[in-house]
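Below is one structure, written out as structure tokens, with a few remarks after it.
Quick note: the coordinates plus some simple rules give every number you see, no bench work behind them. In this text, all values refer to a predicted model and were calculated from it rather than measured experimentally. No Cβ is skipped: glycine too gets one built from the backbone with ideal geometry, and neighbour counts run over all protein chains shown.
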Amino acid sequence: MLWIAIRMLTGDAQKFYGLLFGIGFSTLLITQQMTIFVNLVERGASGVYNAPEAEVWVMDPVSRTTDVSYAMPATALDRVRSVEGVEWAVPHLRAQANVRTKEGDLEGVAVIGVDDATLIGLPKRMAEGDKSVLFAPDSVVIDDTGTTRFFPAGVSPIGERLELNDQRAVIRGIADSIPSFTSTVVLYTRYSNALNFVPGTRNRLSFVLVGVSDGQTAEQVAARIEEKTGLKAETRAEFSQAGVNFIIENTGIPTNFGITVFLGFVVGIAIVGLTFSLFLRDNIKQFGALKAIGVTNTKIMAMVAAQAGMVGLIGYALGVMGTVAFIYGFSANPFFKGFYIPWQIPLISLAAVVIILAITGLIAIRSVLKTEPASVFR
Amino acid sequence: MDTKAIGGCAPEAAICARGISRDFEAGQTTIRVLHGIDTDIRSGEMTFVVGESGSGKTTLISIMCGILYPTEGEVKVFGTDIYSLTDTELVNFRLKNIGFIFQQYNLIPSIDVAANAAVPLIAQGVPIAEARERAKVLLDKLNIGNQANKLPRQLSGGQQQRVAIARALVHEPRLVVCDEPTAALDARSGRRVMDLLREVAVAEDRACIIVTHDNRIFDLADRIIVLEDGRITHDGKEMPDGH
């Protein structure tokens, strides 16, 4: 009977494609929006991800994220280095600055000062050039967001000069980094250079990046640093989560994306519910005849479940493929750089599709189950 | 299954109905459409149930074939008190023992003729390929074997009714119930369908009930039961005078 059920559905092309559209569109909307949401809020942790060597981040107790920090006195670095279990500790500066572009526009940039000797604090990979270029005078490495923001397509920024807070900076490399939540252009330079580029207050040290000794865990060392120095110390996982939480708590993004996902769900229920009900109503005489002939309600429910299952699977696959195509299609755009679909999201979409089909199927099938076999004689 | 005797039931009766009444609710009012019907339907006969619209003939055959519970009375089909069965047992009883031919055919539009004719076998769990083959044999007998791979909408009304006949007989039921089988057909097609039905549906061990008010085919009946206002007013070989 399931074969008949599937043929009944596919034979009504208009409603079959309508159902596929409903499920596919819902899946696309839910999957795509949740993917963008997750990747966007993860940008709140991009500062942590871009400094992969640091196992513990030490900061002033009021600092919250890589972008919301309060500078510490330079002596904090020595205090941290003196804590047992700290293998190495390097200074890390994060500050805002202004750049006058060639066209004369003013752009805000983030300046990140990495350790002068080890260059710890730079992203793992370079898109162009070598990390050692930072040892040259007035040298900066720009992130790939900056190359598209400041320079026309096809023009290499290498060797270009910038007026950075009224001082000369020369771009000598391009970092392969994860863009920040605001997609602000980032310029990496050595810590000592950063102090010149970004004049400021008495305290300039934003963070101390720490590596832990063998036999120690990041949690143990972070706890010991807090105990011995009175500073705040968070493991890489904790601090990246703090960045994500900051975005969730301080922006309207969860609400906005939540509304869109909810609308995807509602649209799915509306389109699928209406189309499915119409399909079953159009076939009510056939279902009535089947019941009269001797098909049990259980088999009828199995038939409707098979129809819903087939539409659900194909529609879901189309929706997920649409999301993959979307992410792939926009992968060259710096805003979508590094976007991926976490494995949990397709599962959540699948659950949403199952719920949509269960709700609409149950509503639609009531009319079939209520149909008396005797009605076919009327 | 309850096979206890119902009073006055002929042992050879395919259907034995005693004291059948049926009420329908219409708002606050209860309308009785059948009033204590007693009748037997015999195998080997083509029995016509005739009457004006609203006389209760459709309700009577619905009850006799196990798709509508009576308000009062008992029905035995081939010795089984069908309304003492559970719902599932009753559905399975219908699937095994009864073939239906509907006025509007009620064929499934998106499956081909052979599959439509094979539906009762498929519902019984017979593999689709085997069910189709068995249906094709019957379609050949009904002279539409060459249409087996077409969709119902590609056939004429008479051909669709033949598919419905094939569907009603493919699982070799012992009771065939037809609701106005010629109502949607012109006189010639209707006559041809009835001839075919008589040829393939009437057998020594099979009963055939036809609900109709098509007086063009009354001469094909072995027996005619006339219903008026929910009561049997005539039961004989021919239509009474004045009808």
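Things worth noting here:
- Put in order of Cβ neighbour count within 10 Å, fewest first, the listed residues A:Ser46, A:Ser331 become A:Ser331, A:Ser46.
- Solvent-free Debye scattering, log10 I(q)/I(0), computed from the Cα coordinates of chain A at q = 0.06, 0.08, 0.09, 0.14 Å⁻¹: -0.38, -0.57, -0.66, -1.09
- Segment B:101-243: relative contact order as a whole-number percent, Cα under 8 Å and 6+ apart: 22 percent
- Mean shadow area of segment B:13-236 over all directions, Cα convex hull, nm²: 12.4 nm²
- Cα point-scatterer Debye curve for segment A:73-230, base-10 log of I(q)/I(0) at q = 0.14, 0.18 Å⁻¹: -0.72, -1.05
- Along chain B, the longest continuous region that contains none of the GluC sites (Glu not before Pro) in a DSSP loop with at most 12 other C-beta atoms within 10 Å is B:13-203.
- Distant-in-sequence amide H partners of A:Gly121 (H built 1.01 Å from N, under 5 Å): A:Glu53
- Here the contact order of chain A, divided by its residue count and restricted to Cα pairs under 8 Å and six or more residues apart, works out to 30 percent.
- Translational diffusion coefficient (Stokes-Einstein; Kirkwood radius from C-alpha pairs) of segment A:5-100 at 10 °C, 1.306 mPa s, in µm²/s: 86 µm²/s
- Note on B:102-112: average number of Cβ atoms from other chains within 10 Å of each residue's Cβ is 6.
- With pairing defined as another cysteine C-beta under 4.7 Å, the cysteines of the protein assembly as shown that fail it are B:Cys65, B:Cys178, B:Cys208.
- Chain A: angle of helix A:344-370 to the longest principal axis, Cα-based, in degrees nearest 10: 20 degrees
- Segment A:177-233 and segment B:173-206: distance between their alpha carbon centers, rounded to Å: 91 Å
- Restricting the trypsin sites (Lys or Arg not before Pro) of segment B:115-200 to loop positions (DSSP other than H, G, I, E, B) with no more than 16 neighbouring Cβ atoms within 10 Å leaves B:Lys150, B:Arg174.
- When each of A:Met321, A:Met1 is scored by the number of other beta-carbon atoms lying within 10 Å, the sequence from fewest to most is A:Met321, A:Met1.
- As a length-normalised measure over Cα pairs under 8 Å and 6 or more apart, the relative contact order of segment A:73-230 settles at 36 percent.
- Unsatisfied cross-links (Cα-Cα over 23 Å) in the set B:Lys76/B:Lys136; A:Lys370/B:Lys150; A:Lys15/A:Lys285; A:Lys370/B:Lys136; A:Lys124/A:Lys337; A:Lys299/B:Lys96: B:Lys76/B:Lys136; A:Lys370/B:Lys150; A:Lys370/B:Lys136
- Crossing angle, helix A:13-42 versus chain A [Cα axis fit, 0-90 degrees, rounded to tens]: 20 degrees
- Alpha carbon centroid spacing (whole Å) that separates segment A:348-378 from segment B:78-157: 24 Å
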